[in-house]
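A.B. asks: Below is one structure. I have some questions about it.
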Amino acid sequence: MQCEQARERISAYMDGELDGPTLHQVGDHIEVCASCRALLDGFRKVDDLIRGLHGLDVKDDFARQVLEKVRESDRPPGLMCPGKGALSRVLSFLEPLWELFEAKRAPNTGILEEFDDFPPLSVGFIYFKFWSQVGRG
Amino acid sequence: MEGSDYDLIKAVGKGDEGAFECLMRRYRKSVLNFVYRHIGDRYMAEDLTQEVFLRTYLASARFVPTGKVRTWIFKIAYNLCLNEIKRMARLRRLRDELDAHQAITCESPAAGGARSGVEEVEAVLEALSRLPEPQRAALLLRAGEGLSYAEIGQVLSLSVSGVESLLFRARTNLRQIVQICGKG
């Protein structure tokens, strides 16, 4: 394995993420290449620096604070939208407006029975009413 | 309540607070330390960690088991860190301009001499902050939390080879930054 190829895989070699044959090839190269050994050593020191960072301790009341926020959000799990209370208020407001614009069905006009239940002023109703009148002459 | 992560998240999705507390106990420290090392501010890290778990709870019913619960939680944490970093970007650029000269000439009190434990931590966090964002995240997830390349790929939305390349560059860059300041 060429040095340049090995260098590119040293990170994965260190992390144990190489497949068997590639692992052996990189390992064999590192044994004979001082430069790649130095790079591997440098990467290990970098990781040691990260692992050497002191960890923060979680405060005792962490869970309580999160649960308080969960309850304050007034949302059940999976519902990333305004709470049920707000939604129902919006729908209640819209309902009378919907009834205002919804027209009542026209009486039977003698059109083909299977299309008799078109709501009035719908495209289907107008279309078949027109043609039924055309058909009558 | 104990059980697999998937059992817990299913229970959380049904509003089980006991399962949620168990899930928090498992991951709160890892998430807190990932966020802290990522953004470098302890108090903001604590706030963001709470936000991570709040969002975990709210999205739990929609969790799809195509990946691990752990990587899903870290993905939420990573996205929140990105948002915070963008918010702080302007201040960070100003600080980096002031500190760039200091890093190159190594006039900081820590260079060339013995550092206290706190100074050493600060130096490493400072060096980490100089890494481009995805490199920093990949390095913290691998070296700090021990995630596999596949898991890191799920968090960062990268392929395994993409993660490998990212980690190589992250380690190379951090090594150079640290060497400039006399630690490597």
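All of the numbers you see were taken from the coordinates with simple rules; none came from a lab. The structure presented is a predicted model; accordingly, all values stated were derived computationally and were not measured. So basically every Cβ, Gly included, is an ideal-geometry build from the backbone, and we count neighbours across all protein chains shown.
A.B. asks: Two decimals is fine: what is log10 I(q)/I(0) at q = 0.23, 0.31 Å⁻¹ for segment A:4-57, from a Debye sum with one equal scatterer on every Cα and no solvent?
C.D. replies: These q points yield log10 I(q)/I(0) values of -0.83, -1.24.
A.B. asks: For the pairs A:Lys59/B:Lys14; A:Lys69/B:Lys14; A:Lys45/B:Lys68; B:Lys10/B:Lys75; B:Lys29/B:Lys75, flag any whose C-alpha to C-alpha distance is greater than 23 Å. Working shown, then result.
C.D. replies: Numbers: A:Lys59/B:Lys14 27 Å; A:Lys69/B:Lys14 17 Å; A:Lys45/B:Lys68 29 Å; B:Lys10/B:Lys75 18 Å; B:Lys29/B:Lys75 15 Å.
Result: A:Lys59/B:Lys14; A:Lys45/B:Lys68 exceed 23 Å.
A.B. asks: Please sort B:148-154, A:63-69, A:16-22 by packing, taking for each peptide the average over its residues of neighbouring beta carbons within 10 angstrom, highest first. Could the numbers behind the result be given before it?
C.D. replies: Details: B:148-154: 20.7, A:63-69: 16.0, A:16-22: 12.3.
Top of the packing list down: B:148-154, A:63-69, A:16-22.
A.B. asks: Please compute the average number of Cβ atoms from other chains found within 10 Å of each residue's Cβ in peptide B:119-126. Write down the numbers at each step before the final one.
C.D. replies: On the way: counts 0, 4, 4, 0, 1, 5, 1, 0.
Partner Cβ neighbours, averaged per residue: 2.
A.B. asks: Which residue, chosen from B:Leu32, B:Thr49, B:Phe63, occupies the Cα position most advanced towards the positive end of the dipole of segment B:1-103, where the dipole is computed from +1 (Lys, Arg) and -1 (Asp, Glu) charges on Cβ about the Cα centre?
C.D. replies: Toward the positive end, the furthest listed residue is B:Phe63.
A.B. asks: Right, next: With just the Cα atoms defining each centre, how far is segment A:4-42 from segment B:120-135? Give it in Å.
C.D. replies: 25 Å
A.B. asks: Now, a different point. So how do B:63-74, B:133-144, A:49-60 stack up, highest first, on mean other-Cβ count within 10 Å?
C.D. replies: Values: B:63-74: 17.5, B:133-144: 23.3, A:49-60: 14.2.
Sorting B:63-74, B:133-144, A:49-60 by mean packing, highest first, produces B:133-144, B:63-74, A:49-60.
A.B. asks: Right, another one. Explain nothing, just the number: dipole magnitude of segment B:1-103 about its Cα centre with +1 on each Lys and Arg Cβ and -1 on each Asp and Glu Cβ, in debye rounded to the nearest 20. List each step's numbers first, then the result.
C.D. replies: Values: 19 positive and 14 negative charges, 60 e Å.
It comes to approximately 280 debye.
A.B. asks: For segment B:1-103, report the translational diffusion coefficient in µm²/s to the nearest whole number, using Stokes-Einstein at 37 °C, 0.692 mPa s, and a Kirkwood Rh over Cα pairs.
C.D. replies: Working: Rh = 14.8 Å.
Approximately 222 µm²/s, per Stokes-Einstein.
A.B. asks: Compute the label zone of A:Arg71 within segment B:1-29: residues whose backbone N is under 13 Å from the point 7 Å along Cα-to-Cβ.
C.D. replies: Within reach of a label on A:Arg71: B:17-18.
A.B. asks: Evaluate the relative contact order of segment B:1-103 (contact order divided by residue number), counting alpha-carbon pairs under 8 angstrom at least 6 apart; express in whole percent. Show your work: numbers first, answer last.
C.D. replies: On the way: 77 pairs, mean separation 30.6, N = 103.
This gives 30 percent for segment B:1-103.
A.B. asks: Can you give the average number of partner chain beta-carbon atoms within 10 Å of each beta-carbon in peptide B:140-147, as a whole number? Present the calculation step by step, with values, prior to reporting the outcome.
C.D. replies: Details: counts 2, 0, 6, 11, 5, 1, 2, 0.
Mean shielding count: 3.
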